[in-house]
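K.L.:
Please find one structure pasted underneath; my questions will follow.
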Amino acid sequence: MANLVLAKPDHHKASPATALLRDTVLALSSQAFELHTAGRLHEAVALYERIISFKDLPVIRGNLGHALAQLGKFDAAIVEYRRAVQLKPDYPEALCNWGVALANLGRADEAEEKYRRAIIVDAGFAGAHHNLGVILKEAGRLDEARHAATRAIHLAPRNTSYYEHLATLRPFVAGDRYITALEILAKNPAGLSDAEQTHLHFALARAYEDTGSFGAAFAQLLAGNRLKRRHIGYDEAATLGCMDRMHELFGADFMARYRGAGLSSALPVFIVGMPRSGTTLIEQILASHPEIFGAGELTLFDQAAGALIGTLPGSPPFPDMALSLSGEHFRALAETYLGGLAQRAPAASRIVDKMPGNFLFAGLIHLALPNAVIIHAMRDPIDTCLSCFSTLFSGGQEYTYDIAELGRYYRHYRALMAHWRSVLPPGRIVDVRYEDLVSDVEGVARRLVGHCGLAWDPRCLDFHRTERVVRTASATQVRRPIYQSSVGRWRKYQEFLGPLTDEIACTHPRQKTKETIDV
């Protein structure tokens, strides 16, 4: 994940001319910086804007952009970074953060150019080298990415996130100097924040697995996940309760009542399921077809549903919004979603939206877009959950950092998918098992292209050569030909997975399904 860099105001270099104005700006700058670092972003934005009304300073513009980017307002952030660089052309932090905002908007080439400009200004700026490595990895330029990643570590050897990034680009080997460096940091973690220690644990877990020390690897996973879980506000009862409520609200009668109410567009192809279940591989195969555009993990449907909720009396939350819906609402939902989707690739016949969490919306998707393809990525339950537990996600997936919580979430996900199969028309959801895909890639790929209503194209078998940006944890895996080494990975950790397997195997009236698990 590319990192934003927050610059502490330099009171000596940035002081305005008059003493009174200088003292006012200095006081406000210190206050804004404290609010920013405390996560009170809206207050920090307001204060930065107030400071700018007194004096337009590059560091304040840069930090305003940083706060806006943290709020997800990347277009607005770019405006501030551009102004900061106009005021101070040799401002590497603003250039680097500008690159992060561009990358988040899918403008990878421009992001790379900003990172390289930051490095020209300051060749020792480790953060710019790291971010360059991330954008190169996402573009599939792995040799260049490894070079940038190792350069970042050389410049900042105590930054543990850089080692974790390198671990996605190359395997660790016995005697690896990077393992030695990580172990030294683990013995002397003084000065490392909880977030930095979390990266350290995940990097060491990868190192120990690569070198065959599975007990040591799992101990690091437990430590890293425990630290991460301490800093997130996952509400398990609310999350699982929401899934349970969908069984009640989106029943067979409801689905039959509004069948045919939506729009007939076949443009969207949804790939849903659990994270780490093969969704990126499926998208990469489909996106290698000349008529299909892979848009990555989009939040468009969630946003469209949120916009619809805002028009309903009392703005009922999802999924209770279902009680207030009419046929017109499903058409409005489809129009909003399609309007945003088509902008991604106006000339494409199909556009893939591979947000795994859209499995929650499968009922809404069917009613709003009855001709859209819904592909359900499936993988061995224990392999899926172990892969989630082994991944430090860049955001979301809050249920993955406690192994028992993860098992309970998986069980509810599986039950909800069984519910969708029971209330949607037969064949409406196309199940694709990861194990089947890696053992018969051509057979499964042909079936997927056929479900999309398109003629077969052999380029789908050369998916690992397809040049496109992939911004998920599987960015490096999909650059390789099909391999089967990830199948049955959980068996290496079998003795440690009791809490997970117990939860997944647990039965409850709501969770009984025809699907069996082999644990």
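Just so it is clear, none of the values below were taken in a lab; they were calculated from the coordinates. For clarity, every value in this text was computed on a predicted model and none was experimentally measured. Here the Cβ is made from the backbone with ideal geometry for all residues, glycine too, and neighbour counts use every protein chain on show.
K.L.:
Which length gain, in nm to one decimal place, applies between H231 and Y483 when the Cα-Cα distance is subtracted from 0.36 nm times their residue separation?
P.N.:
87.2 nm
K.L.:
Another question, if that's okay. For helix 236-249, report the angle its Cα long axis makes with the longest principal axis of the Cα atoms of the chain; keep it between 0 and 90° and round to the nearest 10°.
P.N.:
Once rounded, the angle reads 40 degrees.
K.L.:
A further question on this structure: Restricting to Cα pairs below 8 Å that are 6+ residues apart, what does the relative contact order work out to for the chain? Please round to a whole percent.
P.N.:
Contact order relative to length: 14 percent.
K.L.:
Please give, to one decimal in nm, the separation of the simple spin-label points placed at L6 and A505, each 7 Å out from Cα toward the Cβ.
P.N.:
4.6
K.L.:
To the nearest 20 debye, what charge dipole does the range 1-156 have about its Cα centre, counting +1 at the Cβ of each Lys and Arg and -1 at the Cβ of each Asp and Glu?
P.N.:
120
K.L.:
Once you put a point 7 Å from the Cα of D23 and another 7 Å from the Cα of A347, both along the Cβ direction, what distance in nm separates them?
P.N.:
Result for the modelled spin labels: 6.4 nm.
K.L.:
Efficiency by 1/(1 + (r/R0)^6): what FRET value for A455 and R146, r their Cβ-Cβ distance, R0 = 51 Å, to the nearest 0.05?
P.N.:
After rounding, the FRET efficiency stands at 0.85.
K.L.:
Related question: State the extension gain, in nm to one decimal, for the chain segment bounded by A219 and T37, taking 0.36 nm per residue of separation less the distance between their alpha-carbons.
P.N.:
62.4 nm
K.L.:
Pairs of alpha-carbon atoms within less than 8 angstrom and 6+ residues apart define the contacts here; what relative contact order does the range 236-505 have, in percent?
P.N.:
Reported as a whole number, the value is 30 percent.
K.L.:
Under the rule of -39500 (n - 2.57) per DSSP H run of 4 or more residues, summed and divided by the residues of the chain, what mean residue ellipticity at 222 nm is obtained, to the nearest 500 deg cm²/dmol?
P.N.:
Taken over the chain, the calculation gives -17500 deg cm²/dmol.
K.L.:
So, with +1 on the Cβ of K and R and -1 on the Cβ of D and E, and no other charges, what is the size of the charge dipole of the chain about its Cα centre, to the nearest 20 debye?
P.N.:
400
K.L.:
Averaging sequence separations of C-alpha pairs under 8 Å and six or more residues apart, then dividing by the length of the range 91-153, give the relative contact order as a whole percent.
P.N.:
Across the range 91-153, relative contact order equals 29 percent.
K.L.:
If I compute log10 I(q)/I(0) by the Debye sum over Cα atoms at q = 0.06, 0.11, 0.12, 0.13 Å⁻¹ from the structure I just sent, which labelled value in [x] -0.37, -1.12, -1.25, -1.36; [y] -0.31, -1.07, -1.26, -1.43; [z] -0.31, -0.96, -1.11, -1.25 lines up?
P.N.:
[y]
K.L.:
Hey, another quick one. Over 24 Å between C-alpha atoms is what I'm after, so list which of K114/K137; K187/K228; K73/K114; K88/K114; K114/K228 land there.
P.N.:
Cα-Cα > 24 Å for K114/K228; rest within.
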